[in-house]
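Worksheet: the structure to be examined is printed underneath.
The values are calculated or read from the model by the stated rules, or taken from the named source; none is laboratory data. For clarity, every value in this text was computed on a predicted model and none was experimentally measured. Cβ placement follows ideal geometry from the backbone for every residue including glycine, while neighbour counts extend to all protein chains displayed. Side chains included, ligands, DNA and RNA excluded: accessible areas come from the protein's heavy atoms. Shrake-Rupley method; radii C 1.70, N 1.55, O 1.52, S 1.80 Å.
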Amino acid sequence: MLEILSLILRDGDPSWCRSVPNWDRGPWLETLLGLRRARGNPRPRLISSHLPVHLFPTSFFNSKAKV
């Protein structure tokens, strides 16, 4: 899924996918390092997570985030 979303984000250009590791393109939200990386990435951002939906912050549901 991360590969597909990365290609969509870059208009089908695979060079970003080949040159940037997964953990930098779509950092894991549930780790402190991943959260810091995600905040540092330019918008729109890709964020990875396996958290159950009930553990997401309430602000997430009031945002324009796409899941």
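Probing with 1.4 Å while keeping every protein chain in the model, the per residue accessible area of the chain equals 81 Å². Across the options Leu7, Pro42, Ser19, the greatest Cα extent toward the positive end of the charge dipole of the chain (unit charges at beta carbon of Lys, Arg, Asp, Glu) belongs to Pro42. Once the C-beta distance of Asn22 and Thr58 is scaled by a Förster radius of 25 Å, the resulting FRET efficiency is 0.35 to the nearest 0.05. Check which residues have an amide H placed less than 5 Å from Ser48's amide H, if you skip close sequence neighbours. Placed amide hydrogens put Trp28, Leu29 under 5 Å from Ser48.
In terms of accessible area, using a 1.4 Å probe and ignoring ligands and nucleic acids, Arg36, Arg43 rank largest first as Arg43, Arg36.
The convex hull drawn around the Cα atoms of the range 1-60, when projected onto a plane and averaged over every direction, covers 4.4 nm². Over the range 1-64, what percent of the accessible surface lies on carbon and sulfur atoms, probe 1.4 Å? Ligands and nucleic acids excluded, carbon and sulfur reach 60 percent.
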